[in-house]
Every structure is written in structure tokens, then in C-alpha cells.
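The values are calculated or read from the model by the stated rules, or taken from the named source; none is laboratory data. In this text the structure is predicted, and so the values were computed from the model without any measurement. Here the Cβ positions follow ideal geometry from the backbone for every residue, glycine too, while neighbour counts run over all protein chains shown. Areas reflect the complete protein model, heavy atoms only, side chains present, ligands, DNA and RNA absent. Shrake-Rupley method; radii C 1.70, N 1.55, O 1.52, S 1.80 Å.
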Amino acid sequence: MNRAELPRASLATRIAVASALFGLLITGVGMVVGYWALGRQLDARSAVELAGKRELVVHLLSETGSAADLPASKHRFNDVLIGHDDLHLALVDDATGALLGTFSPAASESISELDSASTDDASHAWRSGSGQALESLRGTFQLADGSRVRYYISLDRRHDTRLLAGFLRASLLGAPLLLAVVALGAWIIARTALAPLRRFQRMAASIGARSLNRRVSESGLPGELSALAREFNGMLERIDGGYRRLQEFSADLAHELRTPIATLLGRNQVALSRERSPAQLREVLEGDIEELERLSRLISDMLLIAQAEQGEGVLQCQHVDLHHEATHIAEYLSVVAEEKGVKVDVDGHGAVHADLMLVQRAITNVLSNAVRHADPGTTIHVAVEGGPRSSNLRVSNVGGHIAIDHLERIFDRFYRIDSSRARLSGGTGLGLAIVRSIMEAHGGNVRARSDSSTRTTTFELTFPARSDTRAQHVRGTATGEV
């Protein structure tokens with residue numbers, strides 16, 4: 001099976017497995033630490049017990065007059081050892097090395113072991129020939145007659161060994177059950193905690209073109225998922241808005257293309273309905289060319305807007321003098337302005353770091369729009385204002401007042417206040433939409449306001465002091481007409 005086709009474990013399962021592995025690590029460390037601590041406790045207890053028995057043996061020896069009296073006092077030592085099967089004692093004459101008394105085979109074996117491996121009053125751990133684990137110490141005591149006796153005390157630690165072994169066995173047997181309980185509990189907790197994510201999954205699966213208005217409820221969600229829900233709802237809001245704009249754009253585009261195509265089709269069908277003279281056919285072809293040129297402008301403008309919003313290409317930013325460019329464009333439009341009987345006045349200074357051709361296109365669109373709608377005999381004022389954070393270019397003309405409901409939509413594609421007048425002037429209805437796309441590509445914005453008392457309409461382009469060079473745009477169609 002291909003690796004990509006392998007079933008993926010759920011997040012709850014992954015958390016459960018991770019918790020089990022972490023629990024295994026903690027349990028292992030706990031077992032090692034517990035085993036070590038228990039061993040140290042048993043060692044300390046054994047040392048204390050050996051020290052206590054040593055004091056008792058020394059006390060009994062202090063009551064003995066000489067080494068010769070020890071065999072007769074053997075019953076006193078037997079009384080001490082009764083009930084202590086794990087305690088072993090051997091007594092040796094220090095001067096002659098003669099065995100004065102031994103009370104078990106382990107005690108006899110301890111003599112040679114301690115003489116070769118230990119010093120007086122130092123405990124020594126060792127194993128007897130039969131496998132017994134013993135803790136022993138050796139010492140010397142001077143009797144009343146001046147003779148010295150060596151004593152060998154040994155403590156059988158088989159109970160301690162069994163206790164450690166039982167602890168280890170219980171830990172190893174209980175660890176798998178404990179880990180299984182931890183993993184199951186982690187899985188249940190994770191699955192319960194991740195229930196809101198399944199709500200996200202069901203919501204995402206149910207969203208389609210007809211249900212983009214649905215949103216995830218933030219009620220009852222933890223902080224992290226509440227933030228995720230807000231971002232998810234924001235994403236749906238953007239998708240819904242984009243989808244609605246796409247629908248509107250498709251409808252507007254179909255409407256805009258239908259008229260010239262119907263005109264072309266009707267004109268040519270009429271021309272072909274009967275014989276025409278060359279002059280008449282030429283007139284038909286000239287009309288076709290006008291409609292085709294309009295379609296070409298429409299397609300170029302649509303392509304510019306689409307490429308700007310798709311984020312293709314990179315802005316070719318450079319130093320742009322807004323006053324110089326506005327003056328140059330005003331001179332370019334001077335013939336059209338003279339025909340309308342209006343003048344264009346450019347004032348102020350300011351510079352931006354932007355794409356020259358796109359800035360020229362934006363200024364051209366706004367200024368030509370002002371020329372088209374200005375009253376004859378008036379002056380169009382272009383004011384440039386530079387600042388440390390942004391530079392502004394304002395174009396004001398005296399003409400018909402634009403109502404507030406129109407101001408909010410004049411930057412939309414194909415929106416016309418007077419559609420019949422715009423179509424006769426050859427406009428595509430995309431000029432101001434292109435301006436907005438250009439400004440947004442530079443990280444700036446465009447605004448419009450209209451004063452009903454003075455009948456003055458002002459468009460303001462705001463450029464940041466330095467445009468974001470990461471902004472995406474394509475300049476190939478920037479020289480098309482408005």
C-alpha cells in the first residue's frame with residue numbers, strides 16, 4: 001500500500017499514545033528511583049541493626065573476665081541470638097587466633113571473609129557459599145584480664161533482598177496496567193476536549209456555494225478554539241464576500257459583453273440580409289471596429305483588475321514625483337479639457353516610492369473622470385501634498401453632486417451613475433475600480449467625497465511614504481484607456 005494511503009491515527013489516539021509513552025518514561029524513572037531509595041533505606045536499617053547488636057555483644061564481653069571464661073558464658077550469647085535467625089556471631093582469641101565460639105555456619109564463614117576483606121568496625125556486604133546475602137562487621141574488645149577478643153557479627157539480608165525483588169516484580173507487573181489506564185484516560189479526555197474540532201469538521205463539510213453564510217458558534221469553546229472559531233468565521237466571511245463579488249462580477253460582465261456582441265451580431269446580420277455597396281460594407285466594418293475596440297478595452301481593464309487582485313508579478317517601485325506626473329497627464333488631457341471648456345491647475349509637491357506606470361494610470365483615470373464630469377468654464381484643481389508618512393493627491397472638479405449612496409459604490413466594477421451617458425462616452429465602467437486596485441496594490445487607498453452646496457466632487461489618492469515592494473501586481477495592461 002502506498003504510504004499516502006495509510007490510515008492516519010486520530011489526534012485523540014496520538015495524544016493517548018504520547019501520554020502512554022510519557023507515562024512509561026515517568027514510571028520507569030519512578031521505579032528506578034523507588035528501587036534505589038528502598039535499597040538505601042534497607043541498607044541504613046541494616047547498619048543501625050548491626051550497630052545495636054555490636055553494642056549488645058560488647059556489653060556481654062565487658063561482663064566476661066577472661067577469654068577462658070567465654071565457653072562457659074556461651075549460653076548468654078545464645079540467649080541474645082534466640083529469635084534472631086538472621087543474626088550470626090563468631091568469637092576469636094586475638095592473640096592466638098583460636099576460635100572461642102561460633103553460633104552458625106555463616107558465622108564461621110564470616111571469619112575468613114572479613115579477615116581478608118574488611119577492617120575493624122567497617123561493615124562489609126558479601127555472599128556466603130550457600131548464596132546468602134550478608135552484611136558483616138568485625139571488631140576487637142579488651143577483656144578485664146587484658147586479653148583481646150575479636151568478634152564477627154553478620155546480618156542475613158535475605159528478607160531485604162526478597163523485599164526489593166517483590167517491589168521490582170510488583171512494579172513490572174503493575175506498570176502495563178497503569179499505562180493502559182493512563183492511555184485510556186488520556187484518550188477519553190482528548191476525545192472529549194476535541195469535540196469542538198469535530199464540530200468544525202462537520203461545519204466545513206456542510207459548507208457549499210449555497211451555505212457560505214453559516215458560521216461556527218463560539219459559545220462554550222475554550223480560549224484557543226474560540227480564537228480559531230473567530231479566524232475560521234473571518235475566513236468564511238472573506239470567502240462569502242469574494243464569492244458574492246465574483247457572482248456580481250460575472251453578472252455585470254455578461255451584461256457588459258451582451259450589448260456589444262448583440263450590436264455586432266445584429267449589424268452584421270442586417271448587412272448580410274441583402275446586397276450592399278462597398279461604401280455601406282465599409283461603414284458596417286467601421287462600426288464593428290469601434291465595438292471591438294471597446295471590447296478590447298473592456299478585456300484589458302478586466303485583466304488588469306484580475307491580475308492585481310490575484311497578486312501576480314511584483315511592483316517595480318521607484319521615486320515618483322507626483323507634481324511632475326500630474327502636470328504631464330494634465331498636458332496630455334489638455335485637448336479633451338479644452339473641448340469641454342475646462343482648465344486643469346496642478347499645485348503642491350510630493351513624492352512617493354511606487355510603480356511609475358501604475359501611478360500614471362491611476363492619476364489618468366481620476367483626472368479624465370473629472371474632466372468628463374466637470375461643468376464647462378470651471379477649473380479642475382489637482383493638489384499634491386507630501387508628508388513623512390504618506391503623500392496625497394486630490395482632484396477636485398465642479399459638476400453634478402454625487403449622492404452618498406453612489407459614493408459608496410462608484411469604485412465597484414461596472415458601476416455607473418448614468419449608464420447611458422457613460423456608454424456613449426466609450427467608458428467601460430472599470431476606470432475607478434482600476435484606481436482602487438492600483439492603490440490597494442501600493443498599500444494605499446482612494447476616497448471620494450461630494451459637497452452638495454458647492455457641487456464639488458473630490459477624489460483623494462493616499463500613497464504610503466514607501467510602498468510595500470512585496471505587493472503583487474502586473475503592469476502589462478496599465479496603459480489601456482479608462
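Miscellaneous remarks
- Of the peptides 101-113, 17-29, the ranking by mean beta-carbon count within 10 Å, highest at the top, reads 101-113, 17-29.
- Per residue, the average separation of C-alpha pairs within less than 8 Å and at least 6 apart gives the chain a relative contact order of 12 percent.
- Estimated FRET transfer efficiency when R0 is 25 angstrom, pair Trp36-Thr119 (beta carbons, to 0.05): 0.40
- Estimated 222 nm signal from helices in the chain, with DSSP H stretches of n ≥ 4 weighted -39500 (n - 2.57), rounded to 500: -18500 deg cm²/dmol
- More than 16 Å apart - percent of Cα-Cα pairs taken over the stretch 34-73: 54 percent
- Partners for Lys74 among lysines (Cα-Cα distance below 18 Å; same-chain residues under 8 apart left out): Lys53
- 5 Å-binned pair-distance histogram of the stretch 311-385 (Cα, whole percent): 3, 16, 26, 22, 14, 10, 6, 2, 0
- Placing unit charges on each Cβ (+1 for Lys and Arg, -1 for Asp and Glu) gives the stretch 131-215 a dipole about its Cα centre, and among Ser154, Ser136, Leu184 the Cα reaching farthest toward its positive end belongs to Leu184.
- Where the Cα pairs of the stretch 120-232 fall when distances are cut into 10 Å bins, in %: 10, 18, 13, 11, 9, 9, 10, 9, 6, 3, 1, 0
- Computed with every protein chain present, the accessible area of Trp187 is close to 90 Å² [probe 1.4 Å].
- R0 of 25 Å, Cβ-Cβ distance Arg449-Arg409: FRET efficiency to nearest 0.05: 0.95
- Extension reserve of the Tyr243-Leu197 stretch, reckoned as 0.36 nm per residue once the Cα distance is removed: 14.0 nm
- Here the stretch 34-171 has an Rg and Dmax of 15.8, 56 Å, counting Cα atoms alone.
- Once you divide the Cα radius of gyration of the stretch 163-298 by 2.2 N^0.38 Å, the number left is 2.43.
- Highest to lowest packing among 170-178, 291-299, scored as the average C-beta count within 10 Å: 291-299, 170-178
- Å² of accessible area per residue within the chain, as computed with a 1.4 Å probe and no ligands counted: 56 Å²
- Relative to the dominant Cα principal axis of the chain, helix 278-310 is inclined by about 20°.
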